[in-house]
Amino acid sequence: MSRLAIVLLALAWVVALPEVAHACPVCFDSSDENRQAFLVTAAFLTLLPLGMVTGAGLWLRKRARQAGQIEDGTGPPDA
Amino acid sequence: MSANSAAYPMGRRPEMVRREPLVSNGVLGMLIFIFTEVMFFAGLISAHTIVRSQAAGQMWPPYGQPRLPVEETAINTAALLVSGIVLFLAWLAFRREPQSARIPLLLSILLGTIFVFFQGLEWVALLGEGLTLQSSSYGGFFYLIVGTHALHAVAALGALVWTWVRLDKGTLQATQLATVAAFWYFVVLVWPILYWKVYL
């Protein structure tokens with residue numbers, strides 16, 4: 001079996017087999033608003049630390065580049 | 001003999017270059033602290049959002065609970081935001097000539113104090129109207145979220161006063177001002193989100 005066929009089979013498996021699993025006993029409520037609130041806050045709390053770490057990393061990289069430019073003499077002295 | 005010293009013949013080993021740190025220790029420490037505080041407030045806001053969503057279709061604020069003073073707090077919010085802008089101006093002034101930052105820094109402290117003072121008055125009024133920590137989840141969340149922010153605001157104001165005293169004595173360093181300013185910016189920037197989620 002070719003590698004492509006294995007990948008396609010795995011994808012089909014992933015798409016076809018899963019069922020809705022209510023693993024969290026409190027994450028499901030009869031009201032749509034409550035369910036939506038759980039989804040939104042879960043996404044918010046997941047993405048927020050990732051966003052902050054990414055932002056800090058980009059900021060440090062920018063500062064490092066500026067410092068490198070100053071050392072090389074290719075950047076403005078007050079950068 | 002270590003592997004490093006063996007790599008360079010005697011007298012040819014390059015000198016260690018000591019670079020300036022990209023971020024001062026104070027600012028880095030403050031940023032890490034702010035990251036943890038952002039997550040703390042995010043947890044509080046998320047819990048509030050979920051509890052509020054469970055009351056969907058019902059009254060929010062719950063029946064019998066006083067309404068929060070939205071308009072007065074909006075003015076207070078503006079004072080806090082202006083305080084952050086003035087602190088940024090103080091930072092710019094400090095970089096040009098340290099002593100020229102005295103007035104904008106003092107103005108920033110004054111605006112921050114106005115914010116905390118009027119928030120305190122608001123609390124007294126709400127307690128008088130029957131909104132307490134135990135009166136409902138609405139009251140509980142209000143005092144927890146706004147109170148936690150107020151604690152941060154008071155601590156940051158204390159730090160700002162400390163920087164002003166050092167500036168007055170002529171001993172304030174740029175990294176110290178940057179560290180305290182980062183804390184104050186956090187207090188200023190997190191408040192509009194809390195106002196939007198709790199008051200509106």
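The values are calculated or read from the model by the stated rules, or taken from the named source; none is laboratory data. Note that the structure is predicted; figures quoted are calculated from it, not measured. Ideal geometry is used to build each Cβ from the backbone, glycine not excepted, and the neighbour counts take in all protein chains shown.
For segment B:53-74, does any single residue satisfy the condition of being within 14 Å of chain A (Cβ to nearest Cβ), closer than 20 Å to B:Tyr138 by Cβ and either in a helix (DSSP H, G or I) or touching a strand residue (DSSP E or B) at 6+ places or on another chain (Cβ under 9 Å) (or both)? Scanning segment B:53-74 turns up at least one residue that is within 14 Å of chain A (Cβ to nearest Cβ), closer than 20 Å to B:Tyr138 by Cβ and either in a helix (DSSP H, G or I) or touching a strand residue (DSSP E or B) at 6+ places or on another chain (Cβ under 9 Å) (or both). Return yes or no: is B:Val38 surrounded by 13 or more Cβ atoms within 10 Å (Cβ to Cβ), modelled with pLDDT of 90 or more and farther than 30 Å from B:Leu200 by Cα? The answer is no for B:Val38. For segment B:82-102, a tally of residues being in contact (Cβ under 8 Å) with a residue 12 or more places away in the chain, surrounded by fewer than 19 Cβ atoms within 10 Å (Cβ to Cβ) and not basic (Lys, Arg) returns 6. Of all the criteria given as (1) more than 9 Å from chain B (Cβ to nearest Cβ); (2) modelled with pLDDT of 90 or more; (3) within 30 Å of B:Ile50 (Cα to Cα), the one not satisfied by A:Ala23 is (2). Against the test of being over 30 Å from A:Glu33 (Cα atoms) and buried (at least 18 other Cβ atoms within 10 Å of the Cβ), the options B:Ser53, B:Ser135, B:Ser108, B:Ser46 yield a single qualifying residue, B:Ser108.
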